[in-house]
Every structure is written in C-alpha cells, then in structure tokens.
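Let me begin by presenting the structure, written as structure tokens, before commenting on it.
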Amino acid sequence: MHSDSLLFIVFLIFTGAAVVATLALYARQALIVSYIVLGLVMGPSLLGWVTDATLIQVSLRAGRVVPARFLGQDYESGIGVIKLEGAGPWPHAPLGNSSTVSAGDPVAIVGVNSENEVSATQGSIQEIRRFTGYWEYLLERAFIVTPPNPSFGGSPLVNTQGEIIGVTSLRLGDPPNVNLAIPIEYFLAAKDELFKEGRIKSRPPRPWLGLYTVETPQGLVIAGASPSGPALDAGFERGDVIVRLNAEKVEGQEDFYRKLWKTRIGEELNIVVLRESKFQVISVRPIDRLSLLPKPGN
C-alpha cells in the first residue's frame with residue numbers, strides 16, 4: 001500500500017468553521033469506486049458534523065481538491081459513507097478480511113494530520129472484544145489497537161498486506177491510551193444498502209432515546225441527553241440511576257441497550273429511575289434516529 005497516494009483529508013465546512021478528518025478510499029477487487037468509508041462511531045459529534053456541513057471537500061495528498069457529499073449511515077456499526085463528485089480515477093486501497101483477524105496480529109494505523117502530513121503508527125491488535133458507548137451504541141466485535149495514533153479519527157487500519165481491515169474511530173482510556181477500530185466486515189455487510197438507500201432497510205431500526213449513560217458502582221447513571229432525542233424533554237435528570245425498563249430490572253449499560261432495542265419505535269416506555277433516594281417513573285417514546293437526518297442523495 002502506498003500511503004502517500006491513498007490517504008486524504010476531508011474538510012467539513014460550516015459557517016465560519018471547519019472540521020478535518022482522515023479517511024481512505026477503497027476498491028473492491030479491481031473495480032475503483034468513488035466512495036469513502038467513515039468511522040462515525042461518535043454519533044453525537046462526528047455524525048452531526050458531517051450531516052450539518054454546508055460543504056464537504058476532499059483534499060488528496062497530491063493537492064487535488066474534490067467535492068463530496070454525505071451518502072448514508074449505519075447507526076448500528078457506526079459506519080458512514082460519503083461519495084466523491086467528479087471524474088476519477090481515484091487513489092484507493094483494497095479491503096481485507098477482518099473476520100480472520102486475531103489478537104496479537106501486526107497492524108498499522110495510517111492517518112493524515114491537519115497539515116496534510118502522513119501519521120503512521122505500527123502496532124498490533126491488543127484485544128478483540130465487545131464495546132459499549134455512552135450514546136446507545138454497542139459493537140459486538142471491536143478491535144482494540146495499541147499504540148494509538150494521534151490522527152485516529154477515520155484513519156484506515158491496515159494489515160501487513162496493506163489491506164484495510166478496519167476504520168479507526170475512538171481513543172479510549174487514560175494515557176497512553178488505545179484506539180478502537182470498527183472491523184471492515186461491518187461495512188462489507190452494509191455497503192450495498194448504504195450506496196443504494198443511504199441506510200439499512202433489511203433490518204428494523206433500533207429504537208433510540210438519545211440518553212447518555214455511564215456505569216458506576218451505584219448503577220447505570222444518566223450523564224445527559226442528545227439535544228435531538230426524545231429523552232431530552234421526557235423528565236430525566238443528570239444523576240438519575242436507571243433501575244427498570246418496562247418493569248424489567250436493568251443490570252447495566254449493555255443490558256439496558258438490549259432491552260431498549262427489543263421495544264418498538266413509537267411505543268411508550270416506562271423507565272424507573274432512582275433520584276435522591278426516591279423512585280420515579282418517566283414515560284418516553286423512542287424514535288428512529290435516521291428520521292432526524294436529511295435524506296441523502298444517490
């Protein structure tokens with residue numbers, strides 16, 4: 001893999017502000033296609049930046065600037081796609097088989113910083129495990145990579161053959177930190193629907209409240225709420241401890257998510273919280289989070 005040819009910077013332009021992310025173009029076998037895979041695992045932040053941007057520009061490392069548009073998002077995996085506009089051919093990288101990756105395998109995170117300089121970190125897969133995020137996110141199989149790369153956001157995770165096996169999305173823990181990467185298998189399973197529909201229609205969307213939660217010795221504590229979610233005005237308060245969902249005891253963050261995702265969008269849920277030593281019941285109706293987004297173009 002020639003990192004100086006396949007990596008580029010994406011500029012998300014707003015009124016008076018810009019956000020920079022590193023992404024990688026890919027090709028399926030010999031077919032070069034103009035799609036970019038993003039690790040939008042941080043739904044409350046990066047996804048909002050992408051969908052609210054008034055202009056998306058891709059700066060290739062050779063200096064060429066190409067316009068692009070947001071195409072679609074899979075909230076379950078955290079994978080999103082934007083599409084380059086204009087004529088190719090584009091620099092690209094092949095996709096590998098992430099399902100065969102094991103702990104200890106050598107890998108590299110290859111990113112580009114805001115000065116358009118390559119930031120490559122050679123390391124290994126420290127572990128492969130389930131990951132839950134505070135924003136109602138659960139990834140059944142996540143790559144934990146060490147050492148971390150400072151330009152981790154959206155950077156490709158590559159194997160020793162130069163194939164992309166994941167999209168690096170998060171920095172976890174205290175220094176020296178580790179990076180989390182979404183295995184590319186999640187993208188391969190969703191790409192056809194993302195390209196055609198901008199979302200995944202073959203499975204029902206997960207009910208979404210927009211609650212931010214953290215696990216503590218006292219239980220699952222509410223840390224906040226998304227400004228666009230139904231939980232914001234439902235009556236939850238920061239510091240509430242979630243005790244039950246529809247009369248079922250909540251054992252932790254993962255258990256809460258799995259119980260929530262077994263309900264239906266629009267169904268009234270009764271969530272019991274402990275607040276200042278008193279139990280309170282809060283009613284709220286989950287929504288389809290994709291209903292908040294403008295419909296992507298084809």
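Every number here is computed from the coordinates shown, using simple stated rules; none is lab data. Because the structure is a prediction, the values reported are computed rather than measured. We place every Cβ from the backbone using ideal geometry, glycine too, and count neighbours over all the protein chains shown.
Only lysines eight or more places from Lys249 in sequence, or on another chain, were considered; those with a Cα closer than 17 Å are Lys259, Lys262, Lys278.
Using the scaling law 2.2 N^0.38 Å as the reference, what is the normalised Cα Rg of region 88-134?
Working: Rg = 14.4 Å, N = 47, 2.2 N^0.38 = 9.5 Å.
Taking the Cα Rg and dividing by 2.2 N^0.38 Å, one obtains 1.52.
Around Pro204, under 12 Å between beta carbons, what's the net of Lys plus Arg minus Asp minus Glu among the other residues?
Charge balance near Pro204 sits at +4.
Based on the inverse mean of 1/r over its pairs of different Cα atoms, what is the Kirkwood hydrodynamic radius of region 54-177, in Å?
Working: mean 1/r = 0.0627 Å⁻¹.
Evaluated over region 54-177, this radius sits at 16.0 Å.
Sorting Lys191, Lys196, Lys259 by the number of Cβ atoms found within 10 Å of their own Cβ, with the fewest placed first, yields Lys196, Lys259, Lys191. If you take all other residues with their beta carbon under 15 Å from the beta carbon of Gln280, and give Lys and Arg +1 and Asp and Glu -1, the sum is +1. Stokes-Einstein diffusion for region 207-292, with the hydrodynamic radius set to the Kirkwood value over Cα pairs and evaluated at 4 °C in a medium of 1.567 mPa s, equals 102 µm²/s.
Which FRET efficiency, nearest 0.05, do Leu138 and Glu85 yield, Cβ-Cβ r, R0 30 Å?
Details: r = 34 Å, r/R0 = 1.13.
In this case the efficiency is close to 0.35.
Which percent of Cα pairs goes in each bin when the distances of region 72-114 are cut into 5 angstrom slices starting at zero? Whole-percent P(r) values from 0 Å outward: 5, 10, 14, 20, 26, 16, 6, 2, 0.
Arrange the following residues from fewest to most other Cβ atoms within 10 Å of their Cβ: Tyr137, Tyr75. Don't skip to the answer; put the middle values down first.
Working: Tyr137 19, Tyr75 22.
By the 10 Å Cβ count, ascending: Tyr137, Tyr75.
In the neighborhood of Pro67, defined by Cβ-to-Cβ distances under 13 Å, what is the net charge if each Lys or Arg adds +1 and each Asp or Glu adds -1?
My count for the surroundings of Pro67 gives +2.
Between Thr160 and Ser102, the simple spin-label model (points 7 angstrom out along Cα→Cβ) gives 1.3 nm. In the distance distribution for region 111-203, Cα-Cα pairs more than 23 Å apart total 29 percent.
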